[in-house]
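Colleague: First, the structure itself, so that you have it in front of you.
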Amino acid sequence: MNFLRLRTYDNYIEAHLAKNKLENAGIPCFITNEYTSTMLPTTTYMLQGGIQLMVRKEDWAEAQSLFASDEETGFRCPECGSENIVAGERWKSVKNMLLLIFSLLLAVPLGRARNIHLCRNCRHVFKK
């Protein structure tokens, strides 16, 4: 079975509310990266890009339509207006990777968490 990421969340509460909404509609889903994102909030986007809500490929369109009326889907890129947005792909620099390694080795969060988003269409990086 192939799974696709439906949404990415900054905290587990919003992720579980969305998961419950899908399960109540009869759409099987699961959450990934919940524990890592909760235990290491400063490195969340460096590691995997937030808490991800996953659905089966064949259920993706139906699941997407459940969120169509929510304000959440109004989140668009300020440059091109696309909704094809991912959270935190800015960690791909040498400096941030070194911070991540030292943070994990020392068990001390270095740096600060940033709520940064990337538009996959125009590659524009912006804050929420």
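Colleague: Give the long-range amide H neighbours of Ile116: residues separated by 5 or more places, or on another chain, with amide H under 5 Å away, using H modelled in the peptide plane at 1.01 Å from N.
Modeller: Sorted by chain and number, the residues that satisfy this are Gly88.
Colleague: How large is ³J(HN,Hα), in whole Hz, for each residue of the range 12-17 in order, when computed from phi with the Karplus curve 6.51 cos²θ - 1.76 cosθ + 1.60 and θ = phi - 60°, using x for Gly and Pro?
Modeller: Calculated HN-Hα couplings, in order: 6, 5, 4, 5, 6, 5 Hz.
Colleague: Could you list which residues have their amide H under 5 Å from that of Arg7, counting only those 5 or more apart in sequence or on another chain, with H placed in the peptide plane?
Modeller: Leu53
Colleague: If we count other beta carbons within 10 Å of each Cβ, what is the order of His124, His117, fewest first? All intermediate terms of the calculation are to be shown ahead of the outcome.
Modeller: Details: His124 15, His117 22.
The order, fewest Cβ neighbours first, is His124, His117.
Colleague: Turning to a different aspect of this structure: Would you calculate the separation in nanometres between label points at Asn24 and Leu105, each defined as 7 Å from the Cα along the Cα-to-beta-carbon direction?
Modeller: Each label point is offset 7 Å from its Cα along the Cβ direction, giving 4.8 nm.
Only the coordinates and a few stated rules stand behind these numbers; no lab work does. These numbers come from a predicted model, not from an experiment. Because the Cβ atoms are built from the backbone with ideal geometry, glycine has one as well, and the counts that use them run over all protein chains shown.
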